[in-house]
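Contents: one structure, followed by commentary.
Bear in mind that the values in this text are calculations on the coordinates, not laboratory data. Note that the coordinates shown come from a computational prediction; the quantities given were computed from them, not determined experimentally. Cβ atoms come from the backbone with ideal geometry, glycine included; neighbour counts cover every protein chain shown.
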Amino acid sequence: MKPGAQAEQVAAQFLQKNGLRLIQRNFRCRFGEIDLILRDGETLIFAEVRQRSRGDFGGAAASIDAHKQRRLILTAQHYLASLPRIPPCRFDAVLLDAADNVEWVKNAFEV
């Protein structure tokens, strides 16, 4: 299993243990990719998974810059266009270090 896929697996298991229901992995469209799409009650969660082996340059959270956020938003809008109604949504980040310690950042950025 590739390191990114392993990180996504760890993140998905963590989120499911915390009550979220996995809807889809690796949703892709021409705008980009969303690692995990989940449900938290009525809220649809678009989760970005990041793993960094070192803390240099701000660690995993710093890698979700404004450009990445724009791509995630466009990709989420594309996904939402396929739904019969748009539920409440949020963007979460799941950050892992080299030892697979998980930090879950709810509502990681505002839209």
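Here are the numbers:
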quantity	calculated
Distance histogram for the stretch 3-105 (every C-alpha pair counted, 10 angstrom bins, percent rounded to whole numbers)	15, 49, 31, 5, 0
Residue-averaged 222 nm ellipticity for the chain, from DSSP H runs of 4+ at -39500 (n - 2.57), nearest 500	-9500 deg cm²/dmol
Value of Rg to Rh for the stretch 65-111 (Rh from inverse mean 1/r over Cα pairs, i.e. Kirkwood)	1.06
Amide H contacts under 5 Å for GLN51, placed H, 5+ residues apart	LEU96
Antiparallel bridge percentage (DSSP; both residues within the chain; nearest 5)	65 percent
Full-extension gain in nm, ALA98 to GLN13, via 0.36 nm per residue minus C-alpha separation	28.9 nm
3J(HN,Hα) from dihedral phi, the stretch 17-34, Karplus parametrisation 6.51/-1.76/1.60, rounded to Hz, x for glycine, proline	5, 9, x, 7, 10, 6, 9, 7, 10, 6, 6, 10, 8, 5, 8, x, 9, 10
ALA108 long-range amide H proximity, modeled H, under 5 Å	PHE91, ASP92, ALA93
Cβ-based net charge around TYR79, under 14 Å, with every Lys or Arg adding one and every Asp or Glu removing one	+4
